[in-house]
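The block underneath contains the structure these notes are about, expressed in C-alpha cells.
Just so it is clear, none of the values below were taken in a lab; they were calculated from the coordinates. Here the structure is a predicted model, which means the values were calculated and not measured. Here Cβ is always computed from backbone atoms with ideal geometry, including for glycine, and neighbour counts include all displayed protein chains.
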Amino acid sequence: MTPPNTCAIRWSSGDHVQFQQVWGRSVWAAIPATIVEDSSDLVVLYIAPGTMFSGPVCTREEHLPVAASGVWERKLYEWAGQHHLWASVPGEACSIWTVWSAPDWAHVGWKVNPELPLKRTPTGFDTTDHVLDAVISADLSSWRLKDEDELAVAIELGLFTVSEGERIHQEARRVAGECITSRRRQLQTWVAWRPPSHWKLPVLQSNWEAA
C-alpha cells in the first residue's frame, strides 16, 4: 500500500487501499481494493475476484448476534464469483455497487448499500454497514428492498435504534429511486467500465489480525 501522509490527501487511480467495515471501534471486515476515482464528488473502488480479505469467523445467520456481542475473530477469505465497482458520494450515507459475474463480466445489476458516510484513514476508508440493501434490476426498470428482516433483528439487538432504522429505510428508498431516474445515466456508464490490464490484485496489509 502507498498511503498518503495524511487522511486529507486524496488517492490516485490505481492506488491500493484498504476498505474496512467496522462495528463500534472494531474491524469487522477488511477488503483490499483499487482506487478508480477519488474526488470531491465521488469515491469509486474496484474489488476484484481473487482478492484475499479478512472477515468474521461466523455464519450468515450468526453475524448480527456476533456483531452485537462486540467480540469476534477474523480469518482470511477469497473474494470470488463477482467483480464489484463500489461508488459513494462523499458525505452520503449510502453506496452503489455495480456487479458483474466473474470471469465473463456479465452485468448482474446494482446494489444500493446504506452505510455510514465514508471516513478516510491512513490506509483507505472505514464505514459501518447498515444491513438493509436495495437491489436494482440490470435493465434499471425496478428495484426492491432486501434484508428488511435482518435490519429488524439488528434493531432488536441494539445495533440501531428504531429511529435510525427508519432513516436507513428512507435512505435506501431515496437512492434506489434515484438510480432508475436521475442517476440512471451514471449507472449505465459504470456498466461499461473495465480495469486497466496492468492492474494487480491489492494485498491485505500484513498486520490485518491486529486491526
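Some observations on this one:
- Rounded D (µm²/s) - the chain, Kirkwood Rh over Cα pairs, Stokes-Einstein at 4 °C, 1.567 mPa s: 73
- Extending 7 Å from the Cα toward the beta-carbon at both Val191 and Val108 defines two label points whose distance is 1.6 nm.
- Simple point charges give the picture: +1 on the Cβ of Lys and Arg, -1 on the Cβ of Asp and Glu, and for the chain a dipole about the Cα centre of about 580 debye.
- Mean ellipticity per residue at 222 nm, deg cm²/dmol - from DSSP H runs of n ≥ 4 across the chain, formula -39500 (n - 2.57): -6000 deg cm²/dmol
- Two-site FRET efficiency, Ser137 against Arg60, from Cβ-Cβ distance with R₀ of 25 Å, rounded to 0.05: 0.60
- The calculated FRET efficiency for the pair Glu73 and Leu201, based on their C-beta separation and a Förster distance of 25 Å, comes to about 0.55.
- Label-zone membership for segment 83-111, site Arg144, 7 angstrom Cα→C-beta point, backbone N under 17 Å: 108-111
- Note on Lys200: lysines with a C-alpha under 29 Å away, same-chain residues under 8 apart excluded, are Lys75, Lys111, Lys119.
- Helical segments meeting 24 Å axial Cα length and Kyte-Doolittle -1.0 threshold in the chain (DSSP H): 162-179
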